[in-house]
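Trainee: The following block contains the structure, expressed as structure tokens.
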Amino acid sequence: MKNVQLLLVLFISFLFAGATMAQGIVKGIVKDASSNETLVGATIVVAGTQTGVTTSLDGSFSLKVPTGHQTLTVSFMGYLTTNVKISLSQGETKNLGVIKLKSTTVGLEEVNVLASIAVDRKTPVAISTISPRIIAQKLGNQEFPQILKFTPSVYTTRNGGGYGDARINLRGFNSNNIGVLINGVPVNDMENGHVYWSDWAGLSDVTQTIQIQRGLGASKLALSSVGGTINIITKSTDAVKGGSIYSGMGNDGMYKFLFTVSTGLMKNGWAITISGAHTYGNGYIDGTNFNGYSYFINIAKQFSKNHRLSFTLFGAPQWHNQRGNKHFIKTYLGLNPNIPYPITDKYKYNSDYGYRNGKVYGGAYGYNYYNKPQASLNDYWKISDKSFLSTVVYASIATGGGRRVSGLGSQMLLWNYRFDRPYSATKLTPDGYYDYNAVMEVNKASLNGSQAIIGNSVNSHQWYGILSTLNTKVKNFNITAGIDGRYYIGNHAMKIDDLLGGSFFLDNADINRPDNTPLRTGDYYSYHNDGIIRWLGLYAQGEYVKSNFSAFISSSISSKGYNRRDYFKYAPGDQMSGWVNFMPWSVKAGANFNLNAHHNIYVNAGYFTRAPYFSIVYLNYTNKINTGAKYERVFTTEVGYGYTSKKLTIRLGLYRTLWLDRGLHINLGQVSANVSGLDSRHQGIELTTTYKPASILVLRGMLSIGDWRYINNVNFTAYDANNVVIGDYHAYIKDLHVGNAAQTTAGLEARVEVIPKLNVGAQFNYYARNYANFDPTNRTKPNDLSDAWKMPDFGVISLNVNYKFKIGPFSASVYGNVYNLLNTAYVADASDGIAHDANTALVWYGFGRTWYAGLKIRF
């Protein structure tokens, strides 16, 4: 019996030994076919088996493969799958060299050139790239900017808590000072540089890639890139026929439905892709229900391998209720004696809504609606092997606004935000909601029309532009030059939406209308004006690329003209201010040197001027021109180091930015102020690292430490509601920390493939040294030199999971996310109080624990 057992053991051992020996090793590197960047995390599988591996941090792989004729399937989200046939003998090691994957999007290379997408270890700027896989795994029901929160020096919050209300700060600069591009087209507001993310709330559904370029950035355009640039690349022309359907659900009644269909590139050269989505829910914060749609259409014609025309239309119409007022911390805790009703939902509390006809109805600043479709016609022409011309003509006609309460009795539906309590005249139900019925009774009884009405602050615009870029290669030089033309008309007005039971409303702001003219729903009141802007820019860049060294120098100059039309304050024939012209310019340069296959260093520097914003040029919402308006000046430098190996990457950078002669227009109810000559210094250190000890495990870390301060005191002039000077003042802000963003951020992340195709990830984000936002015009006392309130440090943990599987012939993925796993209570946004402490600051708490789950089926 023992002999039989011995023979059996020997036989099994022989089989295993044979199986082990009947293998060889296959090696290679997977790269992007257009940019030549390595693809980290690409999957290589032996066809028909579960044997596979993912690429290391340098894009390389090594896989044991059975001998004989085999097929390797190489795949990566956002790229076409490639099959590589090999023949392998026992014990053989075969190096396949570079395997290049093509994007699933036709013409992505041309879009990347137009959008100035940076390449690691080549472009000398600090970059973080968010791949389609990361977007799918992490975004869930978060707002678009929140997918970027693992980026150094980024601070993002849900702000007012409404759908699309998220905000982002980069290196201490808000979105007004971050250049945002969608497929290479600038989308920062032409008047104030702001980016309203609610306008793009559905854009994440069609996003291919996001790249954040911190500091100077690689864009050749004259942008508002004081803090950096966010490049968003959307879907375009799909290379293959197919589509997908998606269904998701989350906390507080949130649902999302999405479909995409594509013909792929057909034999006749045509391709059509259509995508649409519907998202709705009640909102995490009380009284913040929402409803949003998004659509995306791309029609392309490939005339030849060197010439393609592509038309794209996308938009995201939405409405949402939101919070309008921050509160004292004691208010959320139910300890404010001035609140005459119980606070039941604590950190979800919202004072800015009521109910009408059984539905939530947001009050002043408590409701927003907007629709900003953008259409573009792109012409891509490869003139020769060395020259390429890309031209895009685009247009955006946007409509929308936000709710306001107006009238002599407006305090019936307003909150006294300075003292965080209702006004004595505020009409509230016993539960603390705005009592619209009570206000309607007052209006019905009034002989002088409605005393309080609902109006909309309308901010619509027409925006037309052309962007054309020529790129040519001369030996080791890449030369780029282009033109950037824009024309913009922004319409701003107050428009009556609801008379709240009254028969008319009186407002005498329009000098061209007889006094006491009864106004009704749809009529304009209070103000009505247009901001008109024309822009013509030229830009050029020379780039030298050879072996392990690259360098560039770039410059731009623009002519920017402002004009203002006021329909209310001036008579016909005298309503235009006349053109006010500025000529901002920029120059920047940088170099990267790859010391060897592992180490690289880079340096960049730049200087640019920026025209003052529209509100700085025109004093107190009139056609009166501020002749003292200054160009803003920005000087920035940065040096960085990178290390790359199969298992470890390190990116380290030091930056310093001087922002000089900054202008601010501050509206303080009946008083406004123009602040100019404000200087600040933003400097810091940033570190990111990735460690991949095994193909199934990835660890990431991030740390940024900033020192962002104002470096001078400033003078300003205050005006009353009639544009009469109240006085000149001095603001004492020198050496105070810049507020509204955490100056220290850190993060840890782990992602593991538990079993084949099941991935689980955990992410921890930590924020510290976050000073409350403050108004420089409140710092007029020479002995008040304290920093704004430093908010408590906090950290949150999030989890995500996804699993890929088959449903018959279809590929499917299920996604799950939990945000703020431990339900940590933390202050996310704060406005500084008179004592610069927790007791006087007005705050918004961040979201507690939320969740989301979704299923996607591809066909």
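The values are calculated or read from the model by the stated rules, or taken from the named source; none is laboratory data. Worth saying up front: this structure is predicted, and the values here are computed from it rather than measured. For neighbour counting, all protein chains shown are included, and Cβ atoms are generated from backbone atoms with ideal geometry for every residue, glycine included. Note: accessible area is taken over every heavy atom of the protein model, side chains too, but ligands, DNA and RNA are not part of it. Shrake-Rupley method; radii C 1.70, N 1.55, O 1.52, S 1.80 Å.
Trainee: Between residue 384 and residue 764, 0.36 nm times their residue separation minus their Cα-Cα distance comes to what?
Mentor: My answer for the length gained is 131.9 nm.
Trainee: At q = 0.20, 0.24, 0.30 Å⁻¹, what is the base-10 log of I(q)/I(0) for region 559-621 according to the Debye formula with one equal point scatterer per Cα and no solvent? Please give it to two decimals.
Mentor: -0.86, -1.01, -1.21
Trainee: Could I ask something else about it? Given the pairs 372/560; 326/372; 102/122; 330/495, which are separated by over 31 angstrom at their Cα positions?
Mentor: In this structure, 330/495 lie more than 31 Å apart at Cα.
Trainee: Another question, then. Considering every pair of different Cα atoms, what Kirkwood radius, in Å, is found for region 239-340?
Mentor: It works out to 17.3 Å.
Trainee: I'd like the projected area of region 691-758, averaged over all directions, using the convex hull of its alpha carbons. Report it in nm² with one decimal.
Mentor: The directionally averaged projection comes out at 9.1 nm².
Trainee: Moving on to the next point. For a paramagnetic label modelled at 7 Å from the Cα of residue 849 toward its Cβ, which residues of region 808-829 fall within the zone defined by backbone nitrogen distances under 19 Å?
Mentor: Flagged as within label range: 816-827.
Trainee: Sticking with this one: Kindly give Rg over Rh for region 90-136, based on alpha-carbon atoms, with the Kirkwood expression for the hydrodynamic radius.
Mentor: 1.12
Trainee: Moving on. Could you work out the helix-only [θ] at 222 nm for the chain, with each DSSP H run of four or more residues adding -39,500 (n - 2.57) and the total divided by the number of residues, to the nearest 500 deg cm²/dmol?
Mentor: It comes out at -1500 deg cm²/dmol, rounded to the nearest 500.
Trainee: Taking the convex hull of the Cα atoms, report for the chain its projected area averaged over all directions, in nm².
Mentor: The directionally averaged projection comes out at 41.6 nm².
Trainee: Further, regarding this structure: Find the eigenvalues of the gyration tensor of the Cα atoms of region 362-504, then list the square roots of 5 times those eigenvalues as equivalent ellipsoid semi-axes, largest first, in whole angstrom.
Mentor: 54, 16, 11
Trainee: Based on alpha-carbon atoms only, what is the radius of gyration of region 523-672 relative to the globular estimate 2.2 N^0.38 Å?
Mentor: For region 523-672, the normalised Cα radius of gyration is 1.53.
Trainee: Still on this structure, I have one more. Using label points projected 7 Å from each Cα along Cα→Cβ, tell me how many nm separate residue 50 and residue 241, to one decimal.
Mentor: Distance between the two pseudo-spin positions: 3.4 nm.
Trainee: At 1.4 Å probe size, what's the solvent-accessible area of residue 440? Round to the nearest 10 Å².
Mentor: The value for residue 440 is about 40 Å².
Trainee: Calculate the tail of P(r) for region 119-171: the fraction of all Cα-Cα distances greater than 17 Å, expressed in %.
Mentor: 45 percent
Trainee: Quick one: the Cα spread of region 604-713 along its three principal axes, in angstroms, biggest first?
Mentor: So the three principal-axis extents are 65, 30, 23 Å.
Trainee: Also: Measure nothing but the geometry: give the 0 to 90° angle between the long axis through the Cα atoms of 2-21 and the longest principal axis through the Cα atoms of the chain, rounded to 10°.
Mentor: For helix 2-21, the angle is close to 60 degrees.
Trainee: Hey, what does the equivalent ellipsoid look like for region 731-859, semi-axes from the Cα gyration tensor as sqrt of 5 times each eigenvalue, largest first, whole Å?
Mentor: Result for region 731-859: semi-axes of 45, 13, 12 Å.
Trainee: Now, a different point. So how compact is region 266-400: Cα radius of gyration and Dmax in angstrom?
Mentor: Expressed in Å, the Cα Rg and Dmax of region 266-400 come to 24.0, 75.
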